[in-house]
Amino acid sequence: MTIPSATDITRDLVKFNTINPPGHEKLCSDYLGALLLDAGFEVDGYQHGDERISLVARLAGTGGKKAICFGGHTDVVPLGNKPWSFEPFAADVVDGRMYGRGTCDMKSGVAAYVHMGLKLAAEPRGDADILLVMVAGEETGCDGSKHLQKLGVLPECGAMVIAEPTSNYPILGHRGALWLNITTHGKTAHGSMPQLGDNAVYKAARAVTKLENFGFNVPPNDLLGSTTHNVGTFHGGININSVPDRASFTVDIRSIPGHRHDEIIDNLANYLGEDVEIETVVDVAPVLTEADDPWVRDVYELIASRFGKAPEPRGAPYFTDASALTPACGHPPTLILGPGDMALAHQTDEFCDVSRIEEAAEIYETIARRWCEVQGGDGPA
Ligand SMILES: [Zn+2]
């Protein structure tokens with residue numbers, strides 16, 4: 001079997017429209033599943049919605065060491081309102097850049113580790129399993145990886161790479177996200193007789209103003225900074241001449257490690273008082289791996305030898321599937337490392353440098369070879 005290049009696989013993946021919502025990643029998953037099954041992987045699909053299938057593919061090792069896991073998502077975000085200069089699902093390559101929705105975030109990353117898996121499947125096995133996880137639905141709050149976590153189908157792993165865009169720079173973690181929908185209630189009345197009603201918009205407005213000055217009182221994390229919050233939307237009332245009996249707004253909280261989400265909700269509920277009702281929309285945990293973890297040091301070394309400069313410990317601004325996959329796999333050390341440029345994620349005319357895609361595939365291969373102690377490439381550590 002000729003092994004398709006990481007660039008070829010990226011192109012094939014981009015051609016599946018997996019805009020989430022609704023996602024509909026099934027065809028994309030079928031394509032990846034068939035490739036990996038043919039190569040000798042055991043492949044399981046897990047459905048969590050209409051046409052939504054996450055894949056877990058395992059290349060069995062000879063035993064004796066915990067698995068290494070590579071993870072990512074196959075959904076993409078909507079195209080946005082601005083017109084594109086390139087057809088978003090054509091994956092055209094112009095001047096060494098492949099354009100299209102998902103080229104950066106993050107079908108290129110998935111393609112790069114799938115290529116690595118196909119390549120290593122054609123060789124004698126190392127001692128550890130290689131686990132490839134491709135989830136349907138990350139962009140709306142890690143739905144796919146949370147589903148896998150809930151099912152308990154992932155094995156304990158010894159190391160994890162999440163292939164989100166980092167320009168192939170190894171990143172140690174990210175903050176968590178707690179998205180809340182906060183509602184206030186009142187009593188409707190005719191707009192000409194407001195004294196007969198109870199205005200829910202006033203209550204929500206008071207809560208929002210109060211929230212602007214809310215402090216979390218938690219010392220910042222050296223790498224990830226502080227817990228922050230932002231009011232993203234505000235809705236209230238139906239028509240101009242009625243007293244609104246309902247208003248709501250959403251809050252995006254980004255949390256640092258050690259700052260528990262249930263405590264944040266309790267504190268907010270106390271602070272905002274009885275007028276508000278708080279509902280959790282998205283709840284994904286922060287993740288952070290120590291820079292002096294032996295496997296991280298090993299990856300830093302190989303990155304240093306490749307780029308001629310040792311990486312510094314860094315965090316990512318966004319959240320990833322590591323929030324669910326890392327705990328689901330027994331909290332292995334986790335790095336975020338992928339070919340896309342994070343500044344291009346979710347943008348109009350999103351692209352990924354083809355050279356970066358191939359580079360990611362090579363880096364993943366070296367990481368996997370070192371972990372599984374398979375000869376070839378740069379050889380075992
Ligand atoms: Zn992503």
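The values are calculated or read from the model by the stated rules, or taken from the named source; none is laboratory data. Every value quoted in this text rests on a predicted model; they were computed, and no experiment measured them. Cβ: placed from backbone, ideal geometry, glycine included. Neighbour counts: every protein chain shown.
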Exclusive hit being more than 15 Å from the ligand (Cβ to nearest atom) and either crowded, with 19+ Cβ neighbours inside 10 Å or part of a loop (DSSP other than H, G, I, E, B) (or both), set P332, P339, P327: P332
Condition check for E279: in a loop (DSSP other than H, G, I, E, B) and out of contact with any Pro (no Cβ under 7 Å at 6 or more places or on another chain): no
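Could you list all residues from region 54-92 that are of a type outside the set (G, A, S), surrounded by 13 or more Cβ atoms within 10 Å (Cβ to Cβ) and assigned to a loop (DSSP other than H, G, I, E, B)?
First, the residues of region 54-92 that are of a type outside the set (G, A, S): 55-56, 58-59, 62, 65-66, 68-70, 73-79, 81-84, 86-89, 92.
Narrowing the set further to residues that are surrounded by 13 or more Cβ atoms within 10 Å (Cβ to Cβ) leaves 55-56, 58-59, 62, 65-66, 68-70, 73-77, 79, 84, 86, 88-89, 92.
Hits for region 54-92 are T62, T74, D75, V77, L79, W84, F86, P88, F89, D92.
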Condition met for A90 (over 30 Å from A128 (Cβ atoms), more than 16 Å from the ligand (Cβ to nearest atom) and touching a residue at least 12 places away in the same chain (Cβ under 8 Å)): yes
Hey, A111 more than 10 Å from the ligand (Cβ to nearest atom), under 17 Å from I19 (Cβ atoms) and crowded, with 16+ Cβ neighbours inside 10 Å or not: no
Condition check for T320: part of a helix (DSSP H, G or I) and within 16 Å of the ligand (Cβ to nearest atom): no
Complete set of residues in region 8-25 that are in contact with a Phe, Trp or Tyr (Cβ under 9 Å, 6 or more places away or on another chain) and either of a type in the set (K, R) or not in a helix (DSSP H, G or I) (or both): K15, F16, N17, H24, E25
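Do we find a residue being more than 30 Å from G308 (Cβ to Cβ) and not in a loop (DSSP other than H, G, I, E, B) anywhere in region 101-121? Spell out the reasoning first.
Going through region 101-121, the residues more than 30 Å from G308 (Cβ to Cβ) turn out to be 101-102, 121.
Then keep just the ones that are not in a loop (DSSP other than H, G, I, E, B); that gives 121.
Yes.
From the list E301, E312, which one is not hydroxyl-bearing (S, T, Y) and not in a loop (DSSP other than H, G, I, E, B)? Break it down stepwise before answering.
Numbers: E312 fails: not in a loop (DSSP other than H, G, I, E, B).
Criteria check complete, one pass: E301.
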Single residue of M116, M98, M160, M106 found to be touching a His at 6+ places or on another chain (Cβ under 7 Å) and assigned by TED's automatic domain parsing to the domain that holds L59: M106
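At least 1 residues that are small (G, A, S) and within 14 Å of the ligand (Cβ to nearest atom) in each: list the strands (runs of 3 or more DSSP E) lying fully within region 128-214 that qualify. Can you show your working first?
Values: elements: 128-135, 157-162, 176-185.
Hits in region 128-214: 176-185.
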Scan of region 198-236 for residues that are farther than 30 Å from T289 by Cα and either in contact with a helix residue (DSSP H, G or I) (Cβ under 6 Å, 6 or more places away or on another chain) or of a type in the set (S, T, Y) (or both), ordered by number: Y202, A207, T209, T233, G236
Tally, over region 244-257, of residues that are surrounded by 22 or more Cβ atoms within 10 Å (Cβ to Cβ) and touching a Pro at 6+ places or on another chain (Cβ under 7 Å): 2
A360 vs. criteria modelled with pLDDT of 95 or more, in a helix (DSSP H, G or I), more than 25 Å from L148 (Cα to Cα) and under 16 Å from the mean Cα position of the chain (by Cα): no
Members of region 281-313 found to be surrounded by 12 or more Cβ atoms within 10 Å (Cβ to Cβ), farther than 24 Å from A324 by Cα and of a type in the set (A, V, I, L, M, F, W, C), listed by number: L302, I303, A304, F307
Residue satisfying condition, being over 15 Å from W179 (Cβ atoms), without any contact (Cβ under 8 Å) to a residue 40 or more places away in the chain, part of a helix (DSSP H, G or I) and among the charged types (D, E, K, R), within set E274, E263: E263
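Determine, yes or no, whether D95 is touching a residue at least 60 places away in the same chain (Cβ under 8 Å) and either surrounded by 18 or more Cβ atoms within 10 Å (Cβ to Cβ) or away from the ligand (no atom under 16 Å from the Cβ) (or both). Give the steps one after another, and end with the answer.
Values: touching a residue at least 60 places away in the same chain (Cβ under 8 Å): no; either surrounded by 18 or more Cβ atoms within 10 Å (Cβ to Cβ) or away from the ligand (no atom under 16 Å from the Cβ) (or both): yes.
Taking the combined requirement at face value, the residue does not satisfy it.
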